[in-house]
Amino acid sequence: MGMNGIWKVEMLGPYGWEPIATAFLEDGQYRSASENHYTVGHYEVSGSRIEISAAAVQHGKARTVFGKKKKEMALTFEGEIKGGKIKGHVREKNGPHQIAFQTTRLADLP
């Protein structure tokens, strides 16, 4: 399975898995968005591991993430690819706190 595709992104919150974005992975480029934010960056795959480095911008009401309320932040996602899913964690680049995330492949890119 190639990584190019459309993915549902969820983060683990206090009430379980919260859908937060739809992501588009294409030839090393990562782009995702919701009604309140967008994220752009790149990804690298090594075996069953993936690392995504991206810049996130909250253009709506800023939500507290990693203990901070910021409009812009650099993020690093690290995860394991298995059977149409990616499971791992995300953190502010070089930050001490992490949040569990998972993605589910929805479709191929047209």
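Of all residues assigned to the range 44-59, none qualifies as being exposed (fewer than 11 other Cβ atoms within 10 Å of the Cβ), within 23 Å of Gly16 (Cα to Cα) and of a type outside the set (D, E, K, R). Scanning the range 77-101 for residues that are open to solvent by less than 20 Å² (accessible area, probe 1.4 Å) and touching a strand residue (DSSP E or B) at 6+ places or on another chain (Cβ under 7 Å) turns up Phe77, Gly79, Gly84, Ile86, Val90, Phe101.
Among the residues of the range 37-63, how many are assigned to a loop (DSSP other than H, G, I, E, B) and out of contact with any strand residue (DSSP E or B) (no Cβ under 6 Å at 6 or more places or on another chain)?
Initial filter on the range 37-63 (assigned to a loop (DSSP other than H, G, I, E, B)): 47-48, 59-63.
So of that shortlist, the ones also out of contact with any strand residue (DSSP E or B) (no Cβ under 6 Å at 6 or more places or on another chain) come out as 47, 59-63.
Going through the range 37-63 one residue at a time, the tally reaches 6.
A count restricted to the range 1-36 and to residues that are in a loop (DSSP other than H, G, I, E, B) and over 14 Å from the mean Cα position of the chain (by Cα) stands at 8. The condition of being of a type in the set (Gly, Ala, Ser), within 17 Å of Leu106 (Cα to Cα) and in contact (Cβ under 8 Å) with a residue 12 or more places away in the chain holds for only one of Gly79, Gly28, Gly84, that being Gly84.
The values are calculated or read from the model by the stated rules, or taken from the named source; none is laboratory data. Quick caveat: nothing in here was measured; it's all calculated off a predicted structure. Neighbour counts run over all protein chains shown; Cβ positions are idealised from the backbone, glycine included. Protein only, heavy atoms only, side chains kept; ligands, DNA and RNA dropped before computing areas. Shrake-Rupley method; radii C 1.70, N 1.55, O 1.52, S 1.80 Å.
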